[in-house]
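The values are calculated or read from the model by the stated rules, or taken from the named source; none is laboratory data. None of these values were measured; they are calculated from a predicted model. Here Cβ is always computed from backbone atoms with ideal geometry, including for glycine, and neighbour counts include all displayed protein chains. The accessibility values were calculated without ligands, DNA or RNA, using every heavy atom of the protein model including side chains. Shrake-Rupley method; radii C 1.70, N 1.55, O 1.52, S 1.80 Å.
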Amino acid sequence: MDRATSINHLPCIRADHINKSFGKKPVLFDINIEVPYSQILGLLGPSGSGKTTLVKLIAGIETATSGEIYLLGEKMPSLKMMSKVGYMAQSDALYGELTALENLQFFASMYELSKARQKQRIEEVMQLVELSGHLKKQVKQYSGGMKRRLSLAIALLHEPPVLILDEPTVGIDPVLRKSVWEELYKLRSNGTTILVTTHVMDEAEKCDNLGMIREGKLIAVGSPYELKKATSSNTIEDAFLFYGGARE
Amino acid sequence: MRVKAVMLRILRQQGHDKRTIGLMILAPMLVLTLMSFIFNGAEYHPKIGVVNAPLSFINKLEDNDAKIVRYSEYEAENALELSKIDAVINFRGGIPYIKLEGSDPSKSNAVIRLTQNALQQTISMIKPDITYLYGYKNMSSFDNFGPILIGFFIFFFVFLIAGVSFLSERDTGTLERILATPLRRWELVMGYILGFGVFTILQSSLIAWYSISILNIMMVGSFILVLLITILTALVALTIGTFISAYANNELQMIQFIPIIVVPQVFFSGLFDLSTMTPWLQYIGRIMPLWYAADALRNIMIRGKGWNDIATDVVVLIAFCAFFTVANILALKKHRKI
């Protein structure tokens, strides 16, 4: 069904024969992937597999060595599209000397939100990640999990139609992780398209579609159910092993 | 709007980092103060031992503020060997034989000059009339190179702080993060220049004011022009510092760039007299921003020159600033192509 609709309608994100090398070292090989609107695509793979590089290409920070990336119908990288993307990096890129509020204000200004809108959105996203009580605290006093949540809050600030989250739930406790996922589902039902990377297998189950990446190659794409069924495995982990092993 | 946000963020970061602010303002003041103690000393009065000298000659030496000790030939040799005196003047058959201690050329020169003066004065009584076009009698060496030091310290500290803070932006991943927003490369660079600009204007004004009002460094020109030059120097240092930080992988490497970027500029800025150097080598200074800053500051502070005489220096400093601003914008392409 999904395949059929994506032929008729342009997908939200489309990566077309993407190759990427750093210097002489190739990191991504001929990646083809599509994410339809209002879906959550999970990129599953071990660290060093090229997930983060792929995500940066889609976010428009890196440029592909060859191949093309389209986001909302426009070719990346494009400055105009950058304002449509909420990006959460793998490492918490926050200004430690500044307070959480000052961090949020700075990033909100990058998207040119009005003063009133800034105030409202900052309140909303901080409530969402349960950090409302720590607005005035310097970020360097935050714990790892709190920094992760603040990064997520910043990515959500300007209500982007596309969310790109690189390992968003690392170091977040299970209760909060659950509420983060509930929020992602809510955003999805409001029309947001979400790209999430993870190396946690049980988190992969929560995505609509999964792309499995190993050593720079996309080894399988499909819904968690499809992938398990096609490989007659009980878990995503077994499915990953099957696809990974088949390529050897 | 984004430029303003970047500027505001940098000022807030500085505001939270009180120690850096303190160091950037107090460290140059401390070093300038120490240098003024060291180089403000009055003219050196040589200590001379005399053997068999005529009284008239000794009187002349003492008139010229030399410290004179009478010795026997043997004692004099001893005193010289122990460096108690700078020279021995031994009269044999009416001819003075001068033996110098000789380990410090400036002291040796002082002895020779003084002796020649004394000998000439015994022959003729006409004193030359001396006037100064610039400077004044007993002008200290600190007055002479103080303007260069003001320029140098501002350059040095701004270079380091700007470079390190841009580096940490790269290190902590915030550079990549803000390049994932619609922020344009030039907006980031301009934000940096304005943010640090506000801060360095404050810093360089304080340093210039302190040197002139508290340390009493010679200053006959316009304070506004001094400020203009120090601020331009700071901006050049800022743009060069952030540009160089692109080639450093950590703070230590940033410091290792000092001998390459900053130290040669000190040598060629006029702190040392280069007029005896091979002429084409002297022109190396002309490719260094600090040369222009020092030239302008000296012209204003020592010679009291006005706008017309420093206009070229100002234009060159602005050109350096513009060149490295563009270089910074282009260097960011390494991190994001558009």
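With both partners inside chain B, how many of the DSSP beta bridges are antiparallel, as a percent to the nearest 5?
45 percent
Helical runs assigned H by DSSP (4 residues or longer) give chain B a calculated mean residue ellipticity at 222 nm of -20500 deg cm²/dmol, each run adding -39500 (n - 2.57) before division by the residue total. Between A:SER114 and B:ASN138, the FRET efficiency from the beta-carbon distance, with R0 = 56 Å, is close to 0.30. Take chain A with all the other protein chains still there, run a 1.4 Å probe, and you get 45 Å² of accessible area per residue. Other protein chain C-beta atoms within 10 Å of residue C-beta, averaged over B:165-173: 2. According to the Kirkwood relation over distinct C-alpha pairs, the hydrodynamic radius of the range A:85-159 is 12.0 Å.
Using DSSP, restrict attention to beta bridges with both residues in the protein assembly as shown and report what percent are antiparallel, rounded to the nearest 5. Just about 50 percent of them are antiparallel. The B-A contact accounts for approximately 2700 Å² of buried accessible area, totalled over both chains at a 1.4 Å probe radius.
In terms of its Cα atoms, the protein assembly as shown spans 121, 53, 44 Å along the principal axes, sorted from long to short. For the range A:77-230, the relative contact order is 24 percent, taking Cα pairs closer than 8 Å that sit 6 or more residues apart in sequence and dividing their mean separation by the residue count. For the range B:222-243, list residues with backbone N below 18 Å from a point placed 7 Å from the Cα of B:TRP307 toward its Cβ? Answer for the range B:222-243: B:222-232. If you find the alpha carbon centre of the range B:314-334 and of the range A:144-168, how far apart are they in angstrom? Measuring centre to centre over Cα atoms gives 35 Å. Of the beta bridges DSSP finds with both residues in the range B:47-123, what % are antiparallel, to the nearest 5? Of all bridge pairs located within the range B:47-123, approximately 45 percent are antiparallel. For the peptides A:166-173, A:199-206, A:184-191, the ranking by packing is A:166-173, A:199-206, A:184-191, with the highest mean count of neighbouring Cβ atoms within 10 Å listed first. Hey, in the GNM for chain B with a 10 angstrom Cα cutoff, which one of B:ASP129, B:ASP309, B:ASP273 fluctuates hardest? Looking only at B:ASP129, B:ASP309, B:ASP273, the biggest GNM fluctuation is shown by B:ASP129. Take the Cβ atoms of B:ILE214 and B:LYS18, set R0 to 35 Å, and the FRET efficiency comes out at 0.95. Burial here means at least 50 square angstrom less accessible surface with every protein chain in place than with the chain by itself, probed at 1.4 Å; in the range B:317-338 the buried residues are B:ILE338. Comparing the full protein assembly with the isolated chain, the residues of the range A:91-107 losing at least 30 square angstrom of accessible surface (1.4 Å probe) are A:ALA93, A:TYR95, A:GLU97, A:LEU98, A:GLU102, A:PHE106, A:PHE107.
When Rg and the Kirkwood radius Rh are both evaluated on Cα atoms of chain A, their ratio Rg/Rh stands at 0.97. Inter-chain neighbour count for B:16-23: the average number of beta-carbon atoms from partner chains within 10 Å of each residue's beta-carbon is 1.
Simple spin-label estimate for B:LEU227 and B:TYR283 gives 3.8 nm between the two label positions (7 Å along the Cα-to-Cβ direction from each Cα).
Taking 20 Å as the straight-line reach from the Cα of A:LYS228, the lysines in range (excluding those fewer than 8 positions away in the same chain) are A:LYS206, A:LYS217.
Mean-square fluctuations from a GNM of chain A, with a 10 angstrom spring cutoff on Cα atoms, peak among A:LEU79, A:LEU150, A:LEU227 at A:LEU79. With the simple model of a label 7 Å out from the Cα in the direction of the Cβ, A:SER83 to B:LYS84 spans 8.6 nm. Would you mind checking the tilt of helix A:144-156 against the longest principal axis of the Cα atoms of chain A, expressed as 0 to 90 degrees and rounded to 10? Roughly 90 degrees, rounded to the nearest 10. Please label the shape of the range B:47-123 as rounded, prolate or oblate, based on the square roots a ≥ b ≥ c of the eigenvalues of the alpha-carbon gyration tensor (a/c under 1.5 means rounded; beyond that, a/b larger than b/c means prolate, else oblate). Oblate, because a/c is 1.5 or more while a/b does not exceed b/c. Inter-chain neighbour count for B:5-13: the average number of beta-carbon atoms from partner chains within 10 Å of each residue's beta-carbon is 4. Calculated on the Cα set of chain B, radius of gyration then Dmax: 26.6, 91 Å. Evaluating kT/(6 pi eta Rh) at 20 °C and 1.002 mPa s, with the Kirkwood radius of the range B:2-139 over Cα pairs in the Stokes-Einstein relation, gives 112 µm² s⁻¹.
I'd like the orientation of helix B:185-209 relative to chain B: the angle between its Cα long axis and the longest Cα principal axis, in ° from 0 to 90, rounded to 10. Compared with the principal axis, the helix lies near 30 degrees. How much of the accessible area of the range A:1-145, in percent, comes from carbon and sulfur atoms when a 1.4 Å probe is used? Ligands and nucleic acids excluded, carbon and sulfur reach 51 percent. Distance in nm between label sites at A:VAL170 and B:TRP186, each 7 Å beyond Cα in the beta-carbon direction? Each label point lies 7 Å from its Cα, and together they span 3.7 nm. If you plug the beta carbon distance of B:TYR74 and B:LYS99 into 1/(1 + (r/R0)^6) with R0 = 22 Å, you get a FRET efficiency near 0.95. Extension gain for the segment B:SER205 to B:ASN249, taken as residue separation times 0.36 nm less the Cα-Cα distance, is 12.6 nm to one decimal.
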